[in-house]
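The values are calculated or read from the model by the stated rules, or taken from the named source; none is laboratory data. No experiment lies behind these values; they were computed from the predicted model shown. Cβ coordinates were reconstructed from backbone atoms using ideal geometry, including for glycine residues, and neighbour counts include every protein chain displayed.
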Amino acid sequence: MQCKRLKTSPVRIEAIQEIVGSQKHYKTKHSIVMTNSKFTENAINLAFTNKVLLIDRDVLIKMIGMKIDNLKEIEEKKQWKNMVDILS
């Protein structure tokens, strides 16, 4: 997981390139890039190609509005698909 806190600019493709490189190095199954901002179109395209979950400002707002119980259940059962479904 990588988090980017930016005031005005969107997260660029370089952040996605970093996480894609770390996927291979650490042999991870899932990767996330989270920001309080937005993502550039190039960043979104690369993330989609490499199955990187992007969480932007709008999704963060959704997450904050979710019931804590739902998040705890997902975390405890390690239900990645459920998390993705809820955030979609």
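General remarks:
- Total residues in the stretch 29-76, condition charged (D, E, K, R), at pLDDT below 95 and part of a helix (DSSP H, G or I): 8
- Within the stretch 6-44, the residues that satisfy the criterion of being without any contact (Cβ under 8 Å) to a residue 24 or more places away in the chain and of a type in the set (S, T, N, Q) are SER22, THR28.
- Complete set of residues in the stretch 1-25 that are among the charged types (D, E, K, R), over 14 Å from the mean Cα position of the chain (by Cα) and modelled with pLDDT of 90 or more: GLU14
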